[in-house]
2 protein chains.
Amino acid sequence: MTKIPSFRPQKPSRLSRHPEPGYVVKGRIWVEKDGELYMGWGRVILLERIDKFGSIAAAARSMKLGYRNAWLWVEAVNRLAPAPLVEKSTGGAGGGHARLTDEGRKAIKQYKGLRARFAEFLKETG
Amino acid sequence: MTKIPSFRPQKPSRLSRHPEPGYVVKGRIWVEKDGELYMGWGRVILLERIDKFGSIAAAARSMKLGYRNAWLWVEAVNRLAPAPLVEKSTGGAGGGHARLTDEGRKAIKQYKGLRARFAEFLKETG
């Protein structure tokens, strides 16, 4: 079985480089809509895990995120995005399922592109 | 008298731009030394105010920062910088004075340069 790395809320969302020996420039980047957090590293990881597991509960568990928080993040991104990123269906015996929409896939790609450009910026600056 | 704008811990340290209508990319940037925060927007403001007022207490008061925190920030930047950024002298009747060193002026300039390049990056990305 493939081991899925757990999600640590702080570390992976910080990009950094060394401008002088011992000194490290670090940064974070995120997207807001109307002053509210729309997309950040944690939310992108959650969306990817939902895509992988087909369930918000399993996605949350895999990244050690509380189910309630995961649910609130999905609610927020669906509300703030141009179109819903996650489609929920209340299933039968197996419980609820969730799947990523095309808009969700686009949102992940956009944020990752932004983050890659930011990493490039940190690599070039100093 | 010139009114000195108060320091709000969150807002001014976040740079942002609009990539799509309604969506705003925001970010923060800071410098660490050996995993410890060395320089960020709040510390730069404190250093500038120390330069202006010649006193850590007055600088802290002007930006609504607790004196104890201001003192800890000065202690940290002095310890983490290649050479002390702030020189303290325990004065006579008027209490202690503090002044910015040339290294302190250099540190402010470096961080502001980094921040300006980051603002440029946010303006160009999207």
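The numbers here are math on the coordinates, done by the rules we state, and not lab data. No experiment lies behind these values; they were computed from the predicted model shown. Here Cβ is always computed from backbone atoms with ideal geometry, including for glycine, and neighbour counts include all displayed protein chains.
Some observations on this one:
- Based on alpha-carbon atoms, the Kirkwood radius and the radius of gyration of the stretch B:30-121 give Rg/Rh equal to 0.98.
- Packing, as the average of other Cβ atoms within 10 Å across residues, places the peptides B:48-54, A:68-74 in the order B:48-54, A:68-74, highest first.
- Mean per-residue shielding of peptide B:106-119 is 2, counting Cβ atoms of other chains within 10 Å of each Cβ.
- For the stretch B:30-121, size of Cβ-based charge dipole, Lys and Arg +1, Asp and Glu -1, in debye: 300 debye
- Take each residue in A:28-36, count the other chain C-beta atoms within 10 Å of its C-beta, and the mean is 5.
- Simple label model, 7 Å out from Cα along Cβ direction - A:Thr101 to B:Arg61, nm: 5.6 nm
- In summary, the aspartates and glutamates within cross-link reach of B:Lys109, defined as a Cα separation below 17 angstrom excluding same-chain residues under 8 places away, comprise A:Glu20, B:Glu32, B:Glu48, B:Asp51, B:Glu120.
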